[in-house]
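To keep things clear, I will list the structure first and then write my remarks on it.
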Amino acid sequence: MAKLIDGKAISKEIKEELKKEVAELKEKGIEGSLAVIQVGNDAASTVYVNNKKKACEYIGIGSISYELPEETPESELLRIIRELNERSDICGILVQLPVPRHINEDNLIREISPKKDVDGFHPQSVGAMTIGETGFLSCTPAGIIQLLKRSGVEIEGKHCVVIGRSNIVGKPMALLMLRENATVTITHSKTVNLKEICKMADILIAAVGKPGFVDDSYVKEGAVVIDVGIHRDENNKLCGDVDFEKVEPHVSKITPVPGGVGPMTIAMLMKNCVESMKR
Ligand code: GUN
């Protein structure tokens, strides 16, 4: 079996499944649109937002976007979110992060109805995931579960080490792996003996936020390595949290950057939108 976990191919497979499902829903008269809110003009956010709109178009759901100026007050954003919560043609609402400093992102996330929280960031969605109830799953961690399952990696009973404890990736990732019956260790910047712990992992998930942080001294021979990072190196080339050249010879499977975890986040966002339409 191929060593590279091909996120591009797997995300395509998921989008094809969703496209079919959307066509079937349309025949039953069920339609919906994703509302995307971007505040300011951060270049990376613009790329992500455009990719989300393109994915909607591809699978056959609508998208409406709010491209708002940097100085938009929080109260105006809250008003827009409330309005979108009430609209029956909107199946999902997302605020592209980060937002400008004068806005409290937690207030925005909490204002989005959990029924339309397709990013899975609302505390109610996070709580539901924690206790295994129905709710939207955070897209990047849910995408990683799909990557592992669809490339034939067994999760149950395996030792999974997650590096990073962010609310968007590290924490939900650990919970989803636990739900799949892995034995999970969460590590972070204050962890003592980080290398030794990572070396015990059957599945190592790097969400560190530092380019090339994980080299071969962190990896057990034959492990599966998932790289959540996305950075530009000194030559402006995309790279991840894992030093791919050093780690790849030692592992059984690994995700590349780009083309690994990245495309899965959008595929899972689309999956959440379709789920919302069905609900
Ligand atoms: N910014 C970076 N990743 C994400 C994401 O998954 N969702 C949103 N809303 N903003 C982001």
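Only the coordinates and a few stated rules stand behind these numbers; no lab work does. These numbers were taken from a predicted model, which means no experiment stands behind them. A quick note on method: Cβ atoms are made from the backbone with ideal geometry, for glycine too, and the neighbour counts reach across all protein chains shown.
What does the highest-first list of 52-63, 170-181, 74-85 look like by mean Cβ count within 10 Å?
Sorting 52-63, 170-181, 74-85 by mean packing, highest first, produces 170-181, 52-63, 74-85.
Could you give me the percent of Cα pairs per 10 Å distance bin for the range 1-137, shortest bin first, beginning at zero and ending with the bin that holds the maximum distance?
Per 10 Å bin, starting at 0, the Cα pair percentages come out as 11, 35, 37, 15, 2, 0.
Using alpha-carbon pairs under 8 Å, 6+ residues apart, how would you state the relative contact order of the range 155-212 in percent?
Values: 91 pairs, mean separation 27.7, N = 58.
About 48 percent, as a whole number.
If I build a Gaussian network model for the chain, linking alpha-carbon pairs within less than 10 angstrom, which residue out of A128, A207, A43 has the largest mean-square fluctuation?
Largest GNM mean-square fluctuation: A43.
Just need the relative contact order of the chain here, percent rounded to a whole number, with Cα pairs under 8 Å and 6+ apart.
Values: 536 pairs, mean separation 58.1, N = 279.
Relative contact order here is 21 percent.
Work the Kirkwood hydrodynamic radius out for the range 182-279: mean of 1/r over every pair of different alpha-carbon atoms, inverted, in Å.
Details: mean 1/r = 0.0688 Å⁻¹.
Kirkwood radius, the range 182-279: 14.5 Å.
Take the alpha carbon atoms of the range 92-144, find their center, do the same for the range 183-207, and report the distance between the two centers in whole angstrom.
26 Å
Looking at the square roots a ≥ b ≥ c of the eigenvalues of the Cα gyration tensor of the range 73-132, which shape do they give, rounded for a/c under 1.5, prolate if a/b is larger than b/c, or oblate?
Oblate shape, in that a/c is at least 1.5 and b/c is the bigger or equal ratio.
Return the subset of K20/K116; K19/K246; K220/K271; K171/K199; K52/K190 for which the Cα-Cα distance in this structure is over 28 Å, preserving the input order.
Values: K20/K116 22 Å; K19/K246 38 Å; K220/K271 33 Å; K171/K199 20 Å; K52/K190 35 Å.
Over 28 Å Cα-Cα: K19/K246; K220/K271; K52/K190.
Under a 10 Å cutoff between Cα atoms, tell me which one of T187, T72, T255 has the largest fluctuation in the Gaussian network model of the chain.
Top of the fluctuation ranking is T72.
Which helices of the chain meet both criteria: a Cα extent of 24 Å or more along the helical axis and a mean Kyte-Doolittle score no lower than -0.5, with helices taken as whole DSSP H segments?
Values: long enough: 7-27 (30 Å, -1.01); 43-59 (25 Å, -0.32); 262-278 (25 Å, 0.36).
Both cut-offs are met by 43-59, 262-278.
How high is the relative contact order of the range 133-238, in percent, counting Cα pairs under 8 Å that sit 6 or more residues apart?
Values: 162 pairs, mean separation 25.2, N = 106.
Once normalised by length, the contact order is 24 percent.
Could you pull out the pairs from K115/K210; K54/K210; K8/K115; K53/K158; K3/K195; K158/K278 whose alpha carbons sit more than 27 Å apart here? If you can, show how the numbers build up before the last one.
Numbers: K115/K210 34 Å; K54/K210 29 Å; K8/K115 29 Å; K53/K158 37 Å; K3/K195 23 Å; K158/K278 34 Å.
Checking Cα-Cα distances, K115/K210; K54/K210; K8/K115; K53/K158; K158/K278 exceed 27 Å.
Decide, for the range 105-229, between rounded, prolate and oblate: order the square roots of the alpha carbon gyration tensor eigenvalues as a ≥ b ≥ c, take rounded if a/c falls under 1.5, and otherwise choose prolate if a/b is larger than b/c, else oblate. List each step's numbers first, then the result.
Details: a/c = 2.26, a/b = 1.63, b/c = 1.39.
In terms of gyration-tensor shape, prolate.
Can you work out the Karplus-derived ³J(HN,Hα) for every residue in the range 157-167? Use 6.51 cos²θ - 1.76 cosθ + 1.60 with θ = phi - 60°, whole Hz, and x for glycine or proline.
Using θ = phi - 60°, the values come out as x, 7, 8, 10, 10, 9, 9, x, 10, 5, 5 Hz.
Taking a quarter of the surface of the convex hull around the Cα atoms of the chain, what do you get in nm²?
On the way: hull surface 59.2 nm².
Projected over every direction and averaged, the Cα hull of the chain covers 14.8 nm².
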